[in-house]
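The values are calculated or read from the model by the stated rules, or taken from the named source; none is laboratory data. Since we're looking at a predicted model, the values are computed, not measured. Note: ideal-geometry Cβ built from the backbone for every residue, glycine included; neighbour counts use all protein chains shown.
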Amino acid sequence: MLAAERKIRIVEYVKQNRVASVAALAQAFQVHEATIRRDLAEIEQEGLLKRTHGGVIVDQGANSEPSFTERAHEQLEQKQRIGKRAAELVEDGDHIILDSGTTTLHIAQHLVDRSNITVVTNDMNIAAELRDSKGISVIVTGGSLYHSSYMLNGMFTDHVLSTLHVQKAFIGTPAIHSKYGLTHPEAQLVPTKQGMIRAAQEIIVVADDTKIGKASLHAVAPIHAVHTFITGAEASEAQIKLFRDAGVNVISV
């Protein structure tokens, strides 16, 4: 059996059994445990499974997204660092898009004292954050309100984005992979993110290190569409190298 075929069957095996030990996999596929460990390392890098001590489990991290309240408290200090660094990339006179999300909200918080900037957003939290910033023009896309997150999405949102052109778009994502690019577990949220990407000259993805290496069901954009990726210093050098090898400028903070 070729290695590529074996890895596909390993993923199928684990998804059926939910969890598997290295010894069980070695026996099932009649190879040495060292071979299984190498396979699992590559499979984990592709975001399909998650290794544990002595085995592997299905990685549910990118198959669904936690609520806004849960996400707001996860990796908080890292998101604050990412938001501060991302805000430093915004220049006077820029028109920018801030995607809805807990990390992009921290970008807005670091823009409140700036001036001569136009911010387009589909996030009511971001609009509220900037409500007293007299030097910032805020354009809210409109759309259907998601009460759990104050996000606007849908046909009206997509139409507004199709009429705009900005210098920079700051995109949040629950999953970013050096091979599969940006993906998302919810199909209905994909068109708006794609509209933001089309509307911008420069695409800047902001995501904490827990989103790295994950791949979800619905494709948003290939990795070559991303110009800059800002993440936390918690990301490993090996992870960062994969994105840099793919041509992405990575900023680690």
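Summary of values
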{"item": "Tally, over the range 213-253, of residues that are over 13 Å from the mean Cα position of the chain (by Cα) and on the phi > 0 side of the Ramachandran plot", "result": "1"}
{"item": "Some residue of the range 85-96 being at pLDDT 95 or above, on the phi > 0 side of the Ramachandran plot and out of contact with any His (no Cβ under 7 Å at 6 or more places or on another chain)", "result": "yes"}
{"item": "Single residue of the range 71-115 satisfying the filter (part of a helix (DSSP H, G or I) and of a type in the set (A, V, I, L, M, F, W, C)) that is surrounded by the most Cβ atoms within 10 Å (Cβ to Cβ)", "result": "ILE107"}
{"item": "Residues satisfying the stated conditions in the range 9-32, i.e. modelled with pLDDT under 90 and closer than 13 Å to GLY55 by Cβ", "result": "ILE10, TYR13, VAL14, ASN17, ARG18, VAL19, ALA20"}
{"item": "Residue ID - surrounded by the fewest Cβ atoms within 10 Å (Cβ to Cβ), chosen from residues in the range 167-215 that are at pLDDT below 95 and of a type in the set (Lys, Arg)", "result": "LYS179"}
{"item": "Whichever residue in the range 142-201 is over 16 Å from the mean Cα position of the chain (by Cα) and of a type in the set (D, E, K, R) and, among such residues, is nearest to ILE43 (Cα to Cα)", "result": "ARG198"}
{"item": "Complete set of residues in the range 38-65 that are charged (D, E, K, R) and modelled with pLDDT under 85", "result": "GLU42, GLU44, GLU46, LYS50, ARG51, ASP59, GLU65"}
{"item": "Yes/no for THR35 being at pLDDT below 65 and over 11 Å from GLY213 (Cβ atoms)", "result": "no"}
{"item": "Conditions (1) under 20 Å from ILE107 (Cα atoms); (2) in contact (Cβ under 8 Å) with a residue 24 or more places away in the chain; (3) surrounded by 20 or more Cβ atoms within 10 Å (Cβ to Cβ); (4) touching a Ser or Thr at 6+ places or on another chain (Cβ under 9 Å); number of the one not met by THR157", "result": "(1)"}
{"item": "Residue check for PHE156: aromatic (Phe, Trp, Tyr) and under 23 Å from GLN75 (Cβ atoms)", "result": "no"}
